[in-house]
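Just so it is clear, none of the values below were taken in a lab; they were calculated from the coordinates. Just so it is clear, the structure is predicted and the values come from calculations on it, not from any experiment. Cβ coordinates were reconstructed from backbone atoms using ideal geometry, including for glycine residues, and neighbour counts include every protein chain displayed.
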Amino acid sequence: MHLLIPAAGSGKRMGGDRNKLLLSLREKPLLAWTLLAANAAQSIQWVGVIAQPDEWEELKAIVSDLGLNRAVHFIPGGKTRQESVHNGLNGLPDTAEQVLIHDGARCLVSPALIDRCASAVHQYPGLIAAIPVKDTIKQVLPNTRQIQHTPDRQFLWAAQTPQGFDVTTLRKCHEEARRQRWAVTDDAALFEKCGLPVQIVEGEETNLKVTTPVDLAIADFILQQRHA
Ligand code: C5P
C-alpha cells in the first residue's frame, strides 16, 4: 500500500511561525512519531511525505535519524492541504492503485489502524477512519454566531485520517474540484461532492490531530503512558 503524509502546513493555530510537525514531542520531532507508526504498519510499502521544499533538508535528517526500514519520498507541498494532496497524488508511482492519506499532525495513530484501513480500501474505494462525536454540535451563522441548527448527534462522526481511496477516482475528484473551485478540508469531502460513497472505519480516540498547545500536551501524556 502507498501512503501519503501531508506535512506542509504552518504552525498558526499552534501559536508559532514554524511548521508544527517540527516541534519537539518527547524528544523527537512530532512528524517522527507519525513516520514510526507508518514504518511499523505491515501493509505500507511506499511512503511519500508532502512538505515545503525549504524544509526537506531538516526532514531528511529526521528520517535518517529514525533508521526506518523503508525509503521515504519527498513531494512539494501546496498552499492548502487540498493542494498538497493534489501534488501528492501526482507524485505517486504509476503502479499505485490505492492510496492511504494520513495527516502528519496525527502522530499518535496506531500501526494497527493504518493496517485496518489498508485492508478495507480493497473493499471500499473511499473510506475514512472516524469516531462518534462526544459533543453536541451546533451549526451557526458565521457573523452573529446565532445557532441555526443542531444535527442529531447519533449520526455524527468526527473525521480522522487515514483516509483511503482508489487512486484514479481520487485524482478525478481532485481535477473536478479544481474546475469547480471546491475548497474542502479532507479528501472524503471531494468523493462526497462527486456523489461517490465513503465508508467509515472505526478510528481511535487517541488518534488526535495536534493543532493547539493543549493537543501537544495531551499527545505528550499519551506517549508517556505508552512508553512507560
Ligand atoms: O492545518 P491542519 O492541521 O488541518 O492540517 C492537516 C494536515 O495537512 C497537517 O498534517 C498539515 O501539515 C497538512 N497540510 C499540508 N499542506 C498545507 C496545509 C496543511 O500538507 N498547505
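For the reader, a short list of remarks on this structure follows.
- Selection from the range 1-45 of residues that are over 16 Å from the mean Cα position of the chain (by Cα) and either more than 18 Å from LEU216 (Cα to Cα) or β-branched (Val, Ile, Thr) (or both): ALA40, GLN42, SER43, GLN45
- Top-ranked residue of the range 198-228 - restricted to ones that are aliphatic (A, V, I, L, M) and outside any helix (DSSP H, G or I), ranked as farthest from the ligand (Cβ to nearest atom): ALA228
- Scanning the range 125-144 for residues that are touching a residue at least 24 places away in the same chain (Cβ under 8 Å) and either within 16 Å of the ligand (Cβ to nearest atom) or surrounded by fewer than 18 Cβ atoms within 10 Å (Cβ to Cβ) (or both) gives ILE128, ALA129, ALA130, ILE131, PRO132, VAL133.
- If the condition is being within 13 Å of LEU100 (Cβ to Cβ), hydrophobic (A, V, I, L, M, F, W, C) and within 9 Å of the ligand (Cβ to nearest atom), then the range 1-49 contributes only ILE5.
- Top-ranked residue of the range 91-111 - restricted to ones that are touching a residue at least 40 places away in the same chain (Cβ under 8 Å) and more than 16 Å from the ligand (Cβ to nearest atom), ranked as nearest to ILE222 (Cα to Cα): SER110
- Residues of the range 50-69 classified as under 21 Å from VAL99 (Cβ atoms) and surrounded by fewer than 13 Cβ atoms within 10 Å (Cβ to Cβ), total: 1
- Condition met for GLY195 (outside any helix (DSSP H, G or I) and over 16 Å from the mean Cα position of the chain (by Cα)): yes
- The C-beta contact set for the range 3-31 (first residue at negative phi and free of Cβ contacts under 8 Å to residues at least 12 places away in the same chain, second residue near the ligand (Cβ under 8 Å from one of its atoms) and part of a helix (DSSP H, G or I), distance under 9 angstrom, 6+ apart or interchain) comprises SER10/LYS20; LYS12/LYS20.
- Selection count where residues are closer than 15 Å to GLN163 by Cβ and among the polar types (S, T, N, Q), scope the range 81-98: 3
- Inter-residue pairs, beta-carbon under 7 Å, first closer than 13 Å to CYS173 by Cα and in the range 78-90, second near the ligand (Cβ under 7 Å from one of its atoms), 6+ apart: VAL85/PRO6; HIS86/GLY78
- Subset of the range 172-188 that is within 13 Å of the ligand (Cβ to nearest atom) and surrounded by 13 or more Cβ atoms within 10 Å (Cβ to Cβ) - its residue that is farthest from PRO125 (Cα to Cα): VAL184
- Candidate set: the range 104-156, residues that are of a type in the set (D, E, K, R) and in a loop (DSSP other than H, G, I, E, B); chosen: the one farthest from the chain's Cα centre (by Cα): ARG145
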